[in-house]
Amino acid sequence: MAAAQGGLTSREAEERLARFGPNDPARSRRRSGAMQLLILFLNPLVVILLIAAIASAFLGQVADAVIIVAIVLLSVAINFVQTYRSQRAAERLREQVTPTATVRRDGEWREIARQAVVPGDLIRLSAGDLVPADARLLESRDLYLHEAALTGESMPAEKEAGANGPSEHAGAPEHAGPYARNLVFLGTSVVSGTAIAEVVATGRKTAFGDIAARLAMRPPETAFERGIRQFGLLILRAVFFLVLFIMVVSIALHHDAFQSLLFAVALAVGLTPEFLPMITSVTLAKGAVAMAHQKVIVKQLAAIQNFGSIDVLCSDKTGTLTTGNMDLESAIDPGGAPSERPFLLAWINSHFETGIRSPLDAAILKKQPAGVEGYEKRDEVPFDFERRRLSIVVDTPAPGEDRILITKGAWEGIIQRSVAYEAAGQALPLDDEVRQRCQKTHDNLSAQGLRVLAVAYRKIEARAAYSAADERGLTLAGFLAFADPPVPGANEMLEALRRDGVDVKIITGDSELVARHVCDRVGLQAGEVVLGGSLDDMGDSALGHVAEHASVFARVSPAQKTRILLALKHRGHVVGFLGDGINDAPSLRAADVGISVSTAVDVARDAAEIILVEPGLRVLHNGIIEGRKAFGNVTKYLLMGTSSNFGNMFSMAGASLFLPFLPMLPTQILLNNFLYDLAQITIPTDNVDEEYIRVPQHWDIGLIRNFMVIIGPISSLYDFLTFFVLLRLFHAAEPAFHTGWFVESLATQTLVLFVIRTMRSPWRSRPSRALAVTTLAMAAVGLLLPYTPAAGPLGFTPLPASYFAFLAAATATYLLLVEVVKRRLFRPAEGRAPNFSSV
């Protein structure tokens, strides 16, 4: 499938896209809306209810059957609509940061979505790129790829066009295998070098296709998802045993067997937090949309909770404390005197460089020096993070000079490979005394907070290709110094993060002098700067202690960054890491929350869970606050579910022991549960207390259990009081008993939300308008139902006016008692969210 020299045309690409499908390995695994709806109907409790409705109809209880089916259909419909809308909102956000590829279309290089890549496309690769599809190399220069996803090898693999020669399997990566040196594969990333390749396989046809599909089917479970699942199991276990108990008691008391079975099933539905997945999905999706308005894109909804839980944020200083917009301040010779020579050589190097251009390159190329005409590029030794330098081989216009190699990069690597230095246009030997003077010049610039590049060169013989081994015997031409001004308001944002419980740590590859200067300018107390070299001598426990107390780490390698993050995690911190470079990918994956920016290299954006559309601490801080708000609203549903459901379990179990009839009809239980869920459906819109969002949030199972075993029985206490009043004072028959308890149960269950939703007094924390409306509306529906035409089919009867006086007094005292107990429960856990780690 040979591509034209200029790549494909747009029409050819469209035809191939229609023939081969999108370049998405897992696309066939996505569930359609119809499938998601079917899954909701296949819920075991829903199936049992529908079967019970059919049985009721056959037994002549048509009204009961209609009511059951109507409630089930409404519940499923609400669940589906809310969840589906939330998922679509999340998908639209993810599409904003979809991976891209550089392809040649209609004779020009274009940036397109990775899904639009088709077989036959020509793709261009450079350091930091994710390989968008399986492809055969046509051209390559010092190309190294990270292929651990396919081979498990941690070291980069060298790739070379034509290395394997022509092969009958050249266009079939699944036969050639991932070790073929002339092939590159979807799911791998470019560490260094450049290449042009022809796509030979996309989507499920790639070597990574089956792996990607399996990963899409079973993504790793996050701590948030695990906590939600374990919480659901905790409730379900309690439901199972209590429902079984109620079923046995009902049969022992010779209640109608079919009605007892239907009662037990309806009770299971009423006690199960069946709306938990929907409430969670809607709340997190709403949080994701709110974060998007704050210029923060969430790739995985479950990451929102971790984002709000961050108590340590690790980041490079560039783009966080500083703008990342470099300005060239000065060009000097090795002795510190102004000189145009290092700038001229650096400009030629940056001008001919391919691949990713750093902000330093952009600053160099802003102004063209005199005398750059006539240079012709012959070769390039690309940048990598081990050497930390880049070399260009050019032919010079000056007669007699012929060909030279120009190197620019980190001072340490270049001075080690230099044997001479340039002074007054002459190359002089670089002895120890001169090295010390050069070191002092470098340190003086760094102490002023300037980024420093060293520039060197050597004459080199003409030949076809060059490598890093040729970077020797260099002549040091001088230094370029760059200013990276602090971000406006960085000191205020650092103070805001500290106030909100987030400790910022700077981890940089720059010198300690630069790091300290920048931190001083933005008000970050650097204290003792920890150097990367000292970390190698520390054990994990010692590193954890140092990492916890230090604020600034300098001259740190990528591997050392990851060690610092893991050490902090082992000390119990929730760690966020902000990075945008190739070497940041391992750290982004190691952190609890990987954060990158939209302008980062592909590898960093792919590894991150959170993408900042705009760089800076302000955007990040806003995102953390929105994450805490979303998690706070999920917490409200959990607290409501545990207290209300557990209370109902006690009440049902107790009533079943002494009542000669069912405490509530199955249809009434279902209706009560449906109205109660409707009251809570607007929880995702609720306001969150300022005190709650000002501290990192972590799951705390102790608070959940306390609400379950303390608030739940309080609810049961008032249920039993209602039973006494109905039976002894009002002498209520079965329909009146059912009606009275239904009204009391729904009123207390819904109105207590105003108390539980806040750690403050209810009158000091206003709910959202939507939550207030749905809660009051559902309580009102419960009060009015016995007086509507639906009362008869539902088994309700009008209640005497005196009962409502009791109801008002009981509801008011119940809410007051819950408020008193709630304050004692929240006091030891103030500012913390529930912790599921011990479930």
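Go through (1) within 33 Å of the chain's Cα centre (by Cα); (2) open to solvent by less than 40 Å² (accessible area, probe 1.4 Å); (3) within 17 Å of residue 468 (Cβ to Cβ) for residue 361 and report which single condition fails.
Looking at each condition in turn, residue 361 falls short on (3).
Assuming residue 418 fulfils every condition listed in (1) within 14 Å of residue 455 (Cα to Cα); (2) open to solvent by 40 Å² or more (accessible area, probe 1.4 Å); (3) in contact with a Gly (Cβ under 9 Å, 6 or more places away or on another chain) apart from one, which condition is it?
The number of the failed condition is (2).
Is it true that some residue in the range 80-95 is under 35 Å from the mean Cα position of the chain (by Cα) and at pLDDT 70 or above?
Looking through the range 80-95, at least one residue is under 35 Å from the mean Cα position of the chain (by Cα) and at pLDDT 70 or above.
For the range 611-629, enumerate the residues that are hydrophobic (A, V, I, L, M, F, W, C), open to solvent by less than 10 Å² (accessible area, probe 1.4 Å) and either out of contact with any Lys or Arg (no Cβ under 7 Å at 6 or more places or on another chain) or within 23 Å of residue 750 (Cβ to Cβ) (or both).
Selection gives 617, 620, 624.
Yes/no matrix, rows are residues, columns are (1) within 29 Å of residue 109 (Cβ to Cβ); (2) assigned to a helix (DSSP H, G or I); (3) over 42 Å from the mean Cα position of the chain (by Cα):
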site	(1), (2), (3)
324	yes, no, no
330	no, no, no
334	no, no, yes
348	yes, yes, no
354	yes, no, no
357	yes, no, no
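Can you tell me which residue among 678, 670 is part of a helix (DSSP H, G or I), of a type in the set (A, V, I, L, M) and within 18 Å of residue 757 (Cα to Cα)? So that I can check it myself, show each step before the final result.
On the way: 670 fails: within 18 Å of residue 757 (Cα to Cα).
From the options 678, 670, the qualifying one is 678.
Here are the criteria: (1) open to solvent by less than 10 Å² (accessible area, probe 1.4 Å); (2) part of a helix (DSSP H, G or I); (3) closer than 30 Å to residue 54 by Cα; (4) among the hydrophobic types (A, V, I, L, M, F, W, C). Tell me which single one residue 634 does not satisfy.
The number of the failed condition is (3).
Residue 719: among the acidic types (Asp, Glu), touching a residue at least 40 places away in the same chain (Cβ under 8 Å), surrounded by fewer than 20 Cβ atoms within 10 Å (Cβ to Cβ) and on the phi < 0 side of the Ramachandran plot, yes or no?
Here the answer is no, as residue 719 does not meet what is asked.
For the range 132-146, indicate whether the set of residues that are open to solvent by 30 Å² or more (accessible area, probe 1.4 Å), modelled with pLDDT under 65 and touching a Ser or Thr at 6+ places or on another chain (Cβ under 7 Å) is non-empty.
Among the residues of the range 132-146, not one is open to solvent by 30 Å² or more (accessible area, probe 1.4 Å), modelled with pLDDT under 65 and touching a Ser or Thr at 6+ places or on another chain (Cβ under 7 Å), which makes the answer no.
Here is a list: 469, 490, 481. Which entry is without any contact (Cβ under 8 Å) to a residue 24 or more places away in the chain and of a type in the set (A, V, I, L, M)?
469
Considering only residues that are over 26 Å from residue 383 (Cβ atoms) and either open to solvent by 20 Å² or more (accessible area, probe 1.4 Å) or part of a strand (DSSP E or B) (or both), which ones fall in the range 101-127?
Residues satisfying the conditions are 105, 106, 107, 113, 115, 116.
Could you list, ordered by first residue, the pairs with Cβ atoms under 9 Å in which the first is in the range 798-809 and within 14 Å of residue 748 (Cβ to Cβ) and the second is in a loop (DSSP other than H, G, I, E, B) and open to solvent by less than 60 Å² (accessible area, probe 1.4 Å), at least 6 apart or interchain?
Qualifying pairs under 9 Å: 807/799.
Among the numbered criteria (1) closer than 27 Å to residue 557 by Cβ; (2) in contact (Cβ under 8 Å) with a residue 60 or more places away in the chain, which single criterion is violated by residue 379?
(1)
If the requirement is being touching a residue at least 40 places away in the same chain (Cβ under 8 Å), among the acidic types (Asp, Glu), open to solvent by 10 Å² or more (accessible area, probe 1.4 Å) and under 30 Å from residue 796 (Cα atoms), which of these qualifies: 691, 744, 734? Reasoning before the result, please.
Numbers: 691 fails: under 30 Å from residue 796 (Cα atoms); 744 fails: open to solvent by 10 Å² or more (accessible area, probe 1.4 Å).
Of 691, 744, 734, the one residue that is touching a residue at least 40 places away in the same chain (Cβ under 8 Å), among the acidic types (Asp, Glu), open to solvent by 10 Å² or more (accessible area, probe 1.4 Å) and under 30 Å from residue 796 (Cα atoms) is 734.
Would you check if residue 368 is under 30 Å from residue 590 (Cα atoms), open to solvent by 10 Å² or more (accessible area, probe 1.4 Å), of a type outside the set (Lys, Arg) and part of a loop (DSSP other than H, G, I, E, B)?
It is false that residue 368 is under 30 Å from residue 590 (Cα atoms), open to solvent by 10 Å² or more (accessible area, probe 1.4 Å), of a type outside the set (Lys, Arg) and part of a loop (DSSP other than H, G, I, E, B).
Kindly indicate whether residue 726 is surrounded by 21 or more Cβ atoms within 10 Å (Cβ to Cβ), modelled with pLDDT of 90 or more, touching a helix residue (DSSP H, G or I) at 6+ places or on another chain (Cβ under 8 Å) and not hydroxyl-bearing (Ser, Thr, Tyr). Explain how you work it out, then say what you get.
Details: surrounded by 21 or more Cβ atoms within 10 Å (Cβ to Cβ): yes; modelled with pLDDT of 90 or more: yes; touching a helix residue (DSSP H, G or I) at 6+ places or on another chain (Cβ under 8 Å): yes; not hydroxyl-bearing (Ser, Thr, Tyr): yes.
Here the answer is yes, as residue 726 does meet what is asked.
Is at least one residue of the range 484-503 open to solvent by 10 Å² or more (accessible area, probe 1.4 Å), in contact with a Pro (Cβ under 8 Å, 6 or more places away or on another chain) and either of a type outside the set (D, E, K, R) or over 18 Å from residue 320 (Cα atoms) (or both)?
Among the residues of the range 484-503, at least one is open to solvent by 10 Å² or more (accessible area, probe 1.4 Å), in contact with a Pro (Cβ under 8 Å, 6 or more places away or on another chain) and either of a type outside the set (D, E, K, R) or over 18 Å from residue 320 (Cα atoms) (or both), which makes the answer yes.
Select, from 669, 701, the only residue that is under 43 Å from the mean Cα position of the chain (by Cα), at pLDDT below 85 and buried (at least 19 other Cβ atoms within 10 Å of the Cβ).
Every option except 669 fails the conditions.
Collect the residues in the range 519-539 that are open to solvent by 10 Å² or more (accessible area, probe 1.4 Å) and assigned to a helix (DSSP H, G or I), keeping them in residue-number order.
Hits for the range 519-539 are 520, 521, 533, 534.
What number goes with the only condition from (1) open to solvent by 20 Å² or more (accessible area, probe 1.4 Å); (2) over 30 Å from residue 309 (Cβ atoms); (3) under 37 Å from the mean Cα position of the chain (by Cα); (4) not charged (D, E, K, R) that residue 675 does not pass?
Result: residue 675 fails condition (1) only.
Among the candidates 307, 343, which residue alone is modelled with pLDDT under 90, among the aromatic types (Phe, Trp, Tyr) and open to solvent by less than 30 Å² (accessible area, probe 1.4 Å)?
Unique residue meeting the criteria: 307.
For residues in the range 310-337 being open to solvent by less than 10 Å² (accessible area, probe 1.4 Å) and of a type in the set (Val, Ile, Thr), which is farthest from residue 485 (Cα to Cα)?
310
The values are calculated or read from the model by the stated rules, or taken from the named source; none is laboratory data. Only a predicted model underlies this, so the values are computations on that prediction, with no experimental measurement involved. Positions of Cβ are backbone-derived with ideal geometry, glycine not excepted, and every protein chain shown enters the neighbour counts. Keep in mind that these areas ignore ligands, DNA and RNA; they rest on the heavy atoms of the full protein, side chains included. Shrake-Rupley method; radii C 1.70, N 1.55, O 1.52, S 1.80 Å.
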